[in-house]
1. If the limit is 27 Å between Cα atoms, which of 83/254; 29/57; 57/150 go over it?
2. For the chain, what does -39500 (n - 2.57) per DSSP helix run (n ≥ 4), summed and divided by total residues, give at 222 nm, in deg cm²/dmol to the nearest 500?
3. Rounded, prolate or oblate for segment 278-359? Axes are the square roots of the Cα gyration tensor eigenvalues, ordered a ≥ b ≥ c, and the cut-off for rounded is a/c under 1.5.
4. In Å², and per residue, what accessible area does the chain have when probed at 1.4 Å with the other protein chains present?
5. Tally Lys and Arg at +1 and Asp and Glu at -1 over the other residues with C-beta under 14 Å from the C-beta of residue 359: what net charge comes out?
6. Quick check: Cα centre of segment 329-350 to Cα centre of segment 34-51, how many Å?
7. If you restrict to DSSP beta bridges whose two residues both lie in the chain, what percentage is antiparallel, to the nearest 5?
8. Using the Karplus equation 6.51 cos²θ - 1.76 cosθ + 1.60 (θ = phi - 60°), what ³J(HN,Hα) coupling, rounded to whole Hz, does each residue of segment 90-102 give in order, writing x for Gly and Pro?
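The values are calculated or read from the model by the stated rules, or taken from the named source; none is laboratory data. Bear in mind the structure is a predicted one, so any value in this text is a computation, not a measurement. When we count neighbours, we look across all protein chains shown, and the Cβ atoms used for this are built from the backbone with ideal geometry, even at glycine. These area figures cover heavy atoms from the full protein model, side chains too; ligands, DNA and RNA do not enter into them. Shrake-Rupley method; radii C 1.70, N 1.55, O 1.52, S 1.80 Å.
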Amino acid sequence: MSDGYDFSERIGRVEPSATLAISNLAAEKEAEGADIVDLSVGEPDFDTPENVVAAGKDALDAGHTGYTSSNGVPELKAAIAEKLRGNGVDADADEVIVTPGGKQALYETFQTLIDGGDGSHPSPSGTSSHAGDEVVLLDPAWVSYEAMAKLAGADLSRVDLAPHGFQLEPALDDLAETVSDDTELLVVNSPSNPTGAVFSEAALEGVRDLAVEHDVAVIADEIYERIVYDAEHVSLASLDGMADRTVTVNGFSKAYSMTGWRLGYLHATDEFVDEAGKLHSHSVSCATNFVQRAGIEALENTEESVEEMRAAFESRRDLLVDLFDEHGVDVDVGDGAFYMMIPVADDDQAWCEAAIEEAAVACVPGSAFNAPGYARISYAASEERLREAVDRLVANDLL
Ligand SMILES: Cc1ncc(COP(=O)(O)O)c(C=O)c1O
């Protein structure tokens, strides 16, 4: 029996987001009255700073409710360029596209750079197939990179950072073996979701050397750059040789606790912006007008709030590290974002199911990030709830 739809081969290549699946399950159980400690969510547990909310309301009152120019309102693009110059990136307002969330910026980047294969690569013997462009991911990798690469028809190659304590510097030899003249795009996410690792300048220079040698474009996903502890964030595009091959992606969700506002951006060369801008204008038209105005306030007047949130995340990380240490769990501790990968069981999926069903603690299986044997913990939760989570896992023999 036909259901009337003939779904594309393309959409069949991807699965729904594994992180959203777990948080939906946690929400369902909560709706049934369960008290779940939800450590699966990728969003700060703080309110958006009041002055940003006020700027959004003022913008609505002032009538900023129509379309804006497709790539974004000039004042916001100028503020973004200034922010990037503060990171040492030679940025101009015309080289920015403002997007509804960093995700859209990433999606546009994959679609702009990647030529797809015919979906049958590697070919079953005897049939001809052509491969898509090669995209290299660093595992554990955030769930949506793989999905976006596949939607664009890419072929994926992966370098595993898990044996290197999730750091990139000791994995540079592995990366050098993987990146070749056939590579089109490499994705670097520092600070990292899901590990919290912040890559050193030396590691990023290693990336630069390979990118230049093999003429590879690089996505620098810097969405967690404001949540860094004992390390320094370096923007890849600030390194010599990277200005015209980097797409810097960033957004307001994490730094300013603005997940639901949907505001992000990309920065790249004029030429890239011309090409990606076509997709942008034909798909989203523009990011929401009054939200963009609030974004200006976020960039210009939130230093104190950003620092308060950063400091809270740091002390939660320290608390968790101490608690895991007390229970003999050896964690590769990251210096940023608000995530930690803890070693659990070979079957991390079963462990996470037990964690939610028996201990009422929601975590994301490491397999979702191509890191089986781990679970991702998001510490965007109060210290009290973090203690409660560890107590419950211990009481149920899960740690
Ligand atoms: C690594 C990474 N990049 C990009 C994003 C996109 O965030 P948003 O679309 O809310 O800006 C996320 C969100 O979880 C993320 O973790």
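1. Details: 83/254 16 Å; 29/57 34 Å; 57/150 39 Å.
Correct reply: 29/57; 57/150.
2. Computed mean residue ellipticity for the chain: -12000 deg cm²/dmol.
3. Oblate, because a/c is 1.5 or more while a/b does not exceed b/c.
4. With the other protein chains kept in place, the chain gives 43 Å² per residue.
5. Result for the local shell: -4.
6. Going from one Cα centre to the other spans 19 Å.
7. Looking only at bridges with both residues in the chain, the antiparallel portion is about 45 percent.
8. Per residue, the Karplus-derived 3J(HN,Hα) values read 7, 10, 10, 4, 6, 9, 10, 10, 8, 10, x, x, x Hz.
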